1. If I fit a long axis through the Cα atoms of helix 68-79 and take the longest principal axis of the Cα atoms of the chain, what angle between them do I get, 0 to 90°, rounded to 10?
2. With the Cα gyration tensor of the chain in hand, give its eigenvalues times 5 under a square root as the equivalent ellipsoid semi-axes, listed largest first in whole angstrom.
3. With 10 angstrom as the radius, rank ASP134, ASP8, ASP63, ASP170 by how many other C-beta atoms surround their C-beta, starting from the fewest.
4. Quick one: what do you get for the stretch 127-277 if you divide its Cα Rg by 2.2 N^0.38 Å?
5. Is the stretch 1-146 rounded, prolate or oblate when judged by the Cα gyration tensor, a ≥ b ≥ c being the square roots of its eigenvalues, rounded requiring a/c under 1.5 and prolate requiring a/b larger than b/c?
6. Would you mind calculating the relative contact order of the chain from Cα pairs under 8 angstrom and at least 6 residues apart, reporting the percent as a whole number?
7. Between VAL151 and VAL116, what is the label-to-label distance in nm when each label sits 7 Å out along the Cα-to-Cβ direction?
8. Roughly what angle does helix 46-59 make with the longest principal axis of the chain, taking Cα atoms, 0 to 90 degrees, to the nearest 10?
Amino acid sequence: MERLGYYDGKFGPLEEMTVPFLDRVSFYGDGVYDATMGIDGVVLFSEDHIDRFFNSCVNVKIDPGITKQELHELLTSMLSKVDAPVNFVYWQVTRGTDYRHHYFNEGPANLWIMIVPDEMENLYEPQQLISVEDIRFQMCNTKTLNLLPNVLAAQKTKEANCYEAVFVRDGYVTECAHSNVQMLKDGHFVTHPADNHILPGIARKHLIQACMALEIPVEEKLFTLDELKNADEVIVSSSSTLCLPIDAIDGQPVGGKDEALLDKIRTYVTEECNTYVKEHSC
């Protein structure tokens, strides 16, 4: 099977899946999600992603109705049913099914899973960014289904023929529409603090761990768009990009000033990813 879907205990070809009209996601986007890559039957960095998913559930008071181990086994089982060697693995939980009212009643949540063919990004092909105002709310550390500002930002990148959009809030860079953004400056790895204005990215976490292992100083601090544009290197990270270099922001050339350090970090996280897949393969 090429594209597989799951909803509330039932699974089948993605195109044939249906969901109830009264699922609260239809009215409020009332739920949380997570996603990663599936490589050779392995859910990449599964433990990290599932932990973050459960943290998001706690933040919005949703009981997912499944344990971490059960979710891991379900994702792995579904991944084994598809044909492609590399897939996008996405799951979300919504606050159940009910008539439309803003408050919520206690009841069973609805679990959704989607697995579709995908590929890892080429980490040696620099990409371009644009900057946009960060108009999202104050819960960006929770991976909610309320993504309209991200959708609008992503559309702007498509229209600009760019890869991603950098969010800027009150003069400071936060993250991108669907990834984190970091920079290298004077031999230091610099990233926005893990507060409520950014998602605690899993790839970001592994980049920080890589820098610590390589004895590269890490700074979690605020920085401006101008500082980002004047960085030695600009890095975008997500589960499919890991450590992707950027060579332009708003049409202005950036980066390219410390390729040796960039390559050292990129090589480390790539090897870590490959090792994880080998160690967790059946």
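Read the figures in this text as sums done on the coordinates, not as results from a lab. The structure displayed is predicted, hence computed values, not measured ones. Because the Cβ atoms are built from the backbone with ideal geometry, glycine has one as well, and the counts that use them run over all protein chains shown.
1. The angle comes out at about 90 degrees.
2. Values: eigenvalues 208, 102, 56 Å².
Semi-axes (√(5λ), whole Å): 32, 23, 17.
3. ASP170, ASP63, ASP8, ASP134
4. Values: Rg = 14.4 Å, N = 151, 2.2 N^0.38 = 14.8 Å.
The reported ratio for this selection is 0.97.
5. Since a/c reaches 1.5 but b/c is at least a/b, the shape of the stretch 1-146 is classed as oblate.
6. Dividing the mean separation by the residue count of the chain yields 19 percent.
7. 1.4 nm
8. Between helix and principal axis, roughly 70 degrees.
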